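Here the structure comes first, spelled out in structure tokens, and everything after it is commentary.
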Amino acid sequence: MNPKKENILKKIYELGFDDIGIASLDDIPDQREELENFLSGGFHGDMIWLEKNKDRRSHPSKIWDDSISVIVVAKNYGPAENPIQNISRKTDANISVYARGDDYHLIIKDKLKEFSTWLKEHFEIDSRYFVDTAPIMEKPVAQIAGLGWQGKHTNLVSQTLGSWFFLGIVLLPIHIEPSKAELNHCGSCTSCIDICPTNAIIAPHKLDARKCISYLTIEYKGHIPRDLRDKIGNRVYGCDDCLAVCPWNKFAQVTNDIHLIGRDELNLPNLGFFLDFDYDDFTTYFMNSPIKRIGKDRFLRNILIASGNSNSKKLVKKIEKHLKNNSPIVRSAAIWAVKKLLSIEKFRTVRDTYIQDEFDPYVLEEWNYSE
Ligand code: B12
Ligand code: SF4
């Protein structure tokens, strides 16, 4: 016996999801061309995992042969305050809203597992569930399932939740009556394109991830390109600007999920705190947080870039400690930060102290680089 659609909806809301959409796989257009354009333009930067499964990624039917319908769930992580106000707090570490609570992958996966078990136990139906855990392009699928539309920043926007929600996917081997696909309601608004500090949204619906602060601070493992460092400001993990300015957020609601409400210790801590932080404790401190996955070197690199942008000379002594760090990405970010905060004479004195021990070609270049 197949479950009734209303039973599915009831169960999904009981599990604490905030919206649900359903689509038939036959109604989902193949995204091969859009994905190919993105990849051939190099817009994915170093995210080579987007290339690896590009054929499977182009349509969810390629993930599981038996699938007929897809359920897309939305989990609201709406903040209590508009995070756009945080970018002026230059001496504070501005962590994007989604990363202030627990890792959404864990939260959504647990709930979808429960849903999948319920389907099996009550209806003997197998299913497959994912939250960024399979090569599925979740946003175009979610739009056909009626959850929202892809805004000009490329993320899904909802008439009821605004910008602040995650997506999760369940594939099913049965037909369920589909929801109505959502239409685009951006109109002539270009707020997300205009606000982007790095001009990463190169045209409506087209993101050059290589310039996106979310990519640079989370996905990118190397030395952050010099021309983008100033523009990162105090954003140390992800970026919310294009979401935060969306006018549809007048309908957004504050999340009531205790796991997604920002932890106090991640709500704009002072940069000085993370400069003095005992990085041996990184994994413990960021337990269950998405920040854990970038590791301590990348996180400290980001803290140092933000410190360079802080205009706060008081941070120099704390930054100097990292000029001897084992990681070249940390050392070069520390050099950039002290150079930003000190006069050229004082910077030269620091350089003369440390440069003799340097062996890494990029870091040596960082010491000698002059604008
Ligand atoms: C890779 C990735 C990133 C990369 C690249 C982002 C990107 N836009 O591709 C980086 C690291 C930059 C990133 C950043 C963020 N991400 Co991200 N990311 C993903 C991931 C894993 C894959 C996205 C993907 O397939 N990209 C490939 C490109 C080609 O696909 P696309 O973005 O859909 O692009 C479409 C448009 O270009 C469109 N298109 C082209 N021309 C036209 C014309 C028109 C008219 C239209 C309508 C469309 C259109 O065609 C493409 C295919 O649909 C998804 C999870 C998943 N599996 O889907 C999460 C996901 C998209 N990310 C998410 C989040 C929350 C974020 C951040 C907000 C995090 C933060 N605060 O820092 C930022 C937002 C930055 C931004 N403006 O996109 C959420 C978004 C939820 C939502 N409401 O949409 C997702 C869905 C994760 C999740 N499960 O919840 N992310
Ligand atoms: S997340 Fe920030 S940097 Fe990336 S596109 Fe949006 S506004 Fe631009």
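The values are calculated or read from the model by the stated rules, or taken from the named source; none is laboratory data. Please read these numbers as outputs of a predicted model, since none were measured by experiment. Quick reminder, even Gly has a Cβ in these numbers, built from the backbone with ideal geometry, and neighbours come from all protein chains shown.
Within region 42-79, being of a type in the set (S, T, N, Q) and either part of a helix (DSSP H, G or I) or in contact with a strand residue (DSSP E or B) (Cβ under 8 Å, 6 or more places away or on another chain) (or both) holds for Ser61, Ser67, Ser69, Asn76.
Exactly one residue among Asp241, Asp227, Asp208, Asp264 is surrounded by fewer than 19 Cβ atoms within 10 Å (Cβ to Cβ) and at pLDDT 95 or above, and that residue is Asp227.
Exactly one residue out of Asp280, Asp297 is of a type in the set (Asp, Glu) and exposed (fewer than 15 other Cβ atoms within 10 Å of the Cβ): that is Asp280. When region 86-107 is filtered for residues that are farther than 23 Å from Asn249 by Cα and part of a strand (DSSP E or B), only Asp92 remains. If you check Leu275, Leu323 for being in contact with a Ser or Thr (Cβ under 7 Å, 6 or more places away or on another chain), at pLDDT 95 or above, part of a helix (DSSP H, G or I) and not assigned by TED's automatic domain parsing to the domain that holds Asp103, only one passes: Leu275.
For region 218-244, filtering for residues that are of a type outside the set (Gly, Ala, Ser) and within 10 Å of ligand 1 (Cβ to nearest atom) leaves 10.
Step by step: first the residues of region 1-31, then only those that are free of Cβ contacts under 8 Å to residues at least 12 places away in the same chain and assigned to a helix (DSSP H, G or I), then the one that is surrounded by the most Cβ atoms within 10 Å (Cβ to Cβ). Which residue is that? If you could, list the steps in order and put the result at the bottom.
Initially, region 1-31 is screened for residues free of Cβ contacts under 8 Å to residues at least 12 places away in the same chain, giving 4, 6-7, 9-10, 13-14, 26.
Now narrow it down to the ones that are assigned to a helix (DSSP H, G or I): 6-7, 9-10, 13-14, 26.
Values: Glu6: 8, Asn7: 13, Leu9: 16, Lys10: 12, Tyr13: 13, Glu14: 12, Asp26: 10.
Within region 1-31, the match that is surrounded by the most Cβ atoms within 10 Å (Cβ to Cβ) is Leu9.
Every condition in (1) of a type outside the set (Phe, Trp, Tyr); (2) outside any helix (DSSP H, G or I); (3) free of Cβ contacts under 8 Å to residues at least 60 places away in the same chain holds for Asn311 except the one numbered (3).
Exactly one residue out of Ser179, Ser163 is under 19 Å from Ser61 (Cβ atoms) and buried (at least 17 other Cβ atoms within 10 Å of the Cβ), and it is Ser179.
Restricting Ile258, Ile218 to those that are of a type in the set (A, V, I, L, M) and not in a loop (DSSP other than H, G, I, E, B) reduces the list to Ile218. Which condition does Asp132 not pass, out of (1) near ligand 1 (Cβ under 8 Å from one of its atoms); (2) at pLDDT 95 or above, if it passes all the others? All conditions pass for Asp132, except number (2). Of the residues making up region 221-255, those that are among the basic types (Lys, Arg) and either more than 17 Å from Lys296 (Cα to Cα) or assigned to a loop (DSSP other than H, G, I, E, B) (or both) are Lys221, Arg226, Arg229, Lys231, Lys250. Just one of the numbered conditions (1) within 30 Å of Phe165 (Cα to Cα); (2) crowded, with 17+ Cβ neighbours inside 10 Å; (3) more than 20 Å from the chain's Cα centre (by Cα) is not true of Lys339: (1).
Set side by side, the residues Asp66, Asp55 differ, and just one is over 17 Å from Leu171 (Cα atoms) and among the acidic types (Asp, Glu), which is Asp55. All of (1) more than 9 Å from ligand 1 (Cβ to nearest atom); (2) touching a helix residue (DSSP H, G or I) at 6+ places or on another chain (Cβ under 9 Å) hold for Tyr215 with one exception: (1).
Could you say which residue among Ser158, Ser188 is at pLDDT 95 or above, out of contact with any Ser or Thr (no Cβ under 8 Å at 6 or more places or on another chain), among the polar types (S, T, N, Q) and surrounded by 22 or more Cβ atoms within 10 Å (Cβ to Cβ)?
Of Ser158, Ser188, the one residue that is at pLDDT 95 or above, out of contact with any Ser or Thr (no Cβ under 8 Å at 6 or more places or on another chain), among the polar types (S, T, N, Q) and surrounded by 22 or more Cβ atoms within 10 Å (Cβ to Cβ) is Ser158.
Each row is one residue, and each column tells you yes or no for (1) within 18 Å of Lys292 (Cβ to Cβ); (2) within 16 Å of ligand 2 (Cβ to nearest atom); (3) part of a helix (DSSP H, G or I).
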position: Ile84; (1), (2), (3): no, yes, yes
position: Lys109; (1), (2), (3): yes, no, yes
position: Ser116; (1), (2), (3): no, no, yes
position: Leu119; (1), (2), (3): no, no, yes
position: Gln143; (1), (2), (3): no, no, yes
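Leu275 meets all of the listed conditions (1) buried (at least 20 other Cβ atoms within 10 Å of the Cβ); (2) of a type in the set (A, V, I, L, M, F, W, C); (3) within 22 Å of the chain's Cα centre (by Cα) but one, namely (3).
Which one of these is touching a residue at least 60 places away in the same chain (Cβ under 8 Å) and more than 20 Å from His259 (Cβ to Cβ): Gly146, Gly187?
Gly146
Among the residues making up region 191-212, a single one is near ligand 1 (Cβ under 7 Å from one of its atoms) and in a helix (DSSP H, G or I): Ala209.
Scanning region 121-141 for residues that are assigned to a loop (DSSP other than H, G, I, E, B) and aliphatic (A, V, I, L, M) returns Ile125, Val131, Ala134, Ile136, Met137.
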